[in-house]
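Quick notes on the structure that follows.
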Amino acid sequence: MLERQGEVGQNVNYAVKVQYLLAMIAGTRQIRDQILRAPVKTAKSREEVAEMAEEAVYLVVGTVDDKRKESESQSRKPPATAQPESGQQEFRGNQQAASIPGTRLVRLGHVGPLTGAIAHLGRDNENGAKMAIEDLNSMNIVIGGQVTKFELITENDGADPRMGVSATQRLVSMRVKGVVGHLNSGTSIPASEVYFQAGIPQISPSATNPQFTRQGFNTTFRMVANDEALASLIAKVATQDLVARKIAVIDDNTMYGAGIAYAFKRAAEAGGATIVNVQTVHNKATNFSAEVAAIKSSNPDLVFFGGMDSQAGPLLQQLAAQGVNVKFVGGDGICTADLPRLSNDAIRNDQVYCAEAGGVEASRTATLREFRRVYKDRFGMDVQVYAPYVYDAFYALAAAMVRAGSVEPSKYLAYIKGVRYNGVTGLISFDDNGDIRQPALTLYTYRNGKRASHHVAR
C-alpha cells in the first residue's frame, strides 16, 4: 500500500478497513509518520487516516500490550502522586478497563532540547514525560465515561527559538491535546503564541522568564517560580549570607540568562552591593579567557552567572585556573547534578550557590526521594533538575480532563486553573495568569562534588 518513499495512493481513505489493519500492526508508528510526511496535497485527510489507523490498531493489540505493561508495573510502582485535595475529583481507574471496546487514545506532546549543549537537561525532562505517560496509562483513567490512554509525541527544539516554533507547528498538525514544554524561556515564549492560536494548553516545567505568563494567553502555564523570585532569593543570599559587597555579573545573552542577570543585578544593588563588572557572552561560547581577565581585574567578592550549566562549568574551571576563587552564584540553569563534572571538578566546597525554581519541604521529601529512586531504576541515571515537574505537569493535564469530562482542549482548558492536587513536587495549583501558586524555591550548594540542598523558601 505504501511505497518506500512514503507515497500514498488516492484510495488511502480505505486503508482503515479491517483487512489492511493486520498488515499495519507491526509498524504502526512508522506508517503514521510516512503518511504524515508524504509529499501529497491532501494533508488533512492523511492526518485523519493516520490517526484512525493507529487508534484501530491500538484496539487490536491494546489488551496484550496492557497485560505486558501491567506485568512490568508490578516491579516498578509509580511514585505516590496526584493525590486530590478535598473537593477535587479523583482520577478514576478501572482494572478491567484495558479490554473494554472503545478505549480512546489521546496524544500529548513534549518538547525540549534533545540535541546541543543542554541535551542532557532535555533528556531529563523527556524521561519525566515518559514516566508520567506510563504511570497514567497504568491507571486506566476514565474521562467522560470512556477509558483513556495517552500517547507521548516528543519533539526536539535544540534550545533554539526557530526550531522551537517548528516543533510546535508539528505538534499542532498532529492534533495533540496538550503540551508540556518547552524547557527554555527563549523557546517557550515564541512557541506559546502558536499554541494559543491553536487553542492547545501548554505547561512549561521550567521556563522562568516573567514575560512567559504575562502575554494574555489563557493557554499558558508554568510549574515553577519566575526569574524575579529566583533572582531575589539569590541576591539575598549573596548580600546577606555571603556578605558580598563587590559583584561581577555575566550572562549568556539569551532571554533567560539576560533576564535573570538583570533581575539579580537590581536586587543585589538594592541589598547594598556594588556591581563592579558586567559582561555578556555568546550562549555557545566555551572560551572565557577575556571575560575571566576582566573579572579578575575588577577584584569582586562574588560572580553571578546568568546562563546554563554547560557554560557555567567551563567558566568555573577557567576562573580557578586564573586564581579567581571567589563565590559563584546563579539561577536554576546552572543548578544541576552535572555541574561538578562540567567544571572538571574545579568547584570547592560551598563555593557555588544556586537557586532552583521549585522544591519540597520536609513533609514531601519522601515522595520526591521515591520518584528519584524509580527514575534511576528506569533510566539508569539521576534526575538532573526538572523531570519531576514534567511529571506533575502531565498529571495536571490529565486531572483537568477528568474534571471536564473531555479530552478536547476547548472543553478542558478552563479546568486547568481549577486543578488542585498534591504532586511529586508539592501542591499543584495555578493562578489567573497561569503561574504556579505559592512557588517554592530551593537553594543549593556543592560539597564533595555533589549538589547539596541548603534550604527551601517560599
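Structure notes:
- From most to least packed by mean Cβ count within 10 Å, the peptides 283-293, 249-259 give 249-259, 283-293.
- Distance from the C-alpha centroid of region 109-188 to that of region 238-302: 33 Å, rounded to the whole angstrom.
- Share of alpha-carbon pairs per 10 Å distance bin for region 325-458, given as whole %: 12, 35, 31, 16, 6, 1
- Working note: Cα gyration tensor of region 117-202, eigenvalues times five, square-rooted, sorted largest first, giving semi-axes of 24, 17, 9 Å.
- Positive minus negative residues near Phe288 (Lys, Arg vs Asp, Glu; Cβ under 13 Å): -1
- Debye equation applied to the C-alpha atoms of region 162-217, log10 I(q)/I(0) at 0.17, 0.22, 0.26, 0.28 Å⁻¹: -0.44, -0.76, -1.07, -1.23
- Portion, in percent, of the accessible area of region 344-458 that falls on carbon or sulfur, probe 1.4 Å: 43
The values are calculated or read from the model by the stated rules, or taken from the named source; none is laboratory data. All figures in this text were calculated on a predicted structure; none of them were measured in a lab. Every residue, glycine as well, gets a Cβ built from its backbone with ideal geometry; the counts of neighbours run over all protein chains shown. Ligands, DNA and RNA are stripped out before the accessible areas are found, and what is left, the full protein with its side chains, is counted by its heavy atoms. Shrake-Rupley method; radii C 1.70, N 1.55, O 1.52, S 1.80 Å.
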